[in-house]
């Protein structure tokens, strides 16, 4: 798997067996979700149409990876009561599930004692880590994505993810 892949799509396309994503923020403000999130805040209706907005870029990546045998899991550590953004994420998660991801939620007070990295991350095939850096408002930082194949970083991320996953609640059982 090429550490220097130009895009995450290329990186995921080279993944052979696992892709795990840990999200730990209560608010994100990344550009491709802004319109859908604002509509959700106004109407309470989430965009779960996989042919609209940012979904056409994401769903094929997941379905292709899953078809190749890649197990895709996403865990979210969240504060309670949840923010409007987490309500929105929860409402759109059925699209992730239909594409082939498995998603779980961990209330932050249940994460006590887990050694967590400082950043959200993707861990691919247990060896390539893509760290995500955000501004204080939740938008991508200037150098928003950083990749490493450092075995110690990969081991930290793998251990953290598995502990979170073990404690987390499957999407179907977690209500906001």
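Scanning the range 161-176 for residues that are under 14 Å from residue 21 (Cα atoms) and either touching a residue at least 60 places away in the same chain (Cβ under 8 Å) or assigned to a strand (DSSP E or B) (or both) returns 161, 164, 165, 168. Please verify whether the range 20-37 includes one or more residues that are under 22 Å from residue 163 (Cβ atoms) and over 14 Å from the mean Cα position of the chain (by Cα). No, the range 20-37 contains no residue that is under 22 Å from residue 163 (Cβ atoms) and over 14 Å from the mean Cα position of the chain (by Cα). Does residue 74 satisfy the condition of being within 20 Å of residue 166 (Cα to Cα) and outside any loop (DSSP other than H, G, I, E, B)? Yes, satisfied. Screening 103, 59, 95 for residues that are in contact with a strand residue (DSSP E or B) (Cβ under 8 Å, 6 or more places away or on another chain) and either buried (at least 16 other Cβ atoms within 10 Å of the Cβ) or part of a strand (DSSP E or B) (or both) leaves exactly one candidate, 103. Note on the range 15-66: residues that are out of contact with any helix residue (DSSP H, G or I) (no Cβ under 9 Å at 6 or more places or on another chain) and either over 25 Å from residue 5 (Cα atoms) or free of Cβ contacts under 8 Å to residues at least 24 places away in the same chain (or both) amount to 7. Being within 22 Å of residue 174 (Cβ to Cβ), surrounded by fewer than 16 Cβ atoms within 10 Å (Cβ to Cβ), touching a strand residue (DSSP E or B) at 6+ places or on another chain (Cβ under 8 Å) and touching a residue at least 24 places away in the same chain (Cβ under 8 Å) is a property that residue 86 lacks. Determine whether residue 158 is out of contact with any helix residue (DSSP H, G or I) (no Cβ under 8 Å at 6 or more places or on another chain) and touching a residue at least 12 places away in the same chain (Cβ under 8 Å). So residue 158 fits the description; yes. If you scan the range 130-154, which residues turn out to be over 17 Å from residue 77 (Cα atoms), out of contact with any strand residue (DSSP E or B) (no Cβ under 9 Å at 6 or more places or on another chain) and surrounded by 13 or more Cβ atoms within 10 Å (Cβ to Cβ)? Hit for the range 130-154 is 139, nothing else.
Throughout, read-outs are computed from the coordinates displayed, never taken from laboratory work. These figures come from a predicted structure and were not determined experimentally. Using ideal geometry, Cβ is built from the backbone for each residue, glycine included, and neighbour counts are taken over all protein chains shown.
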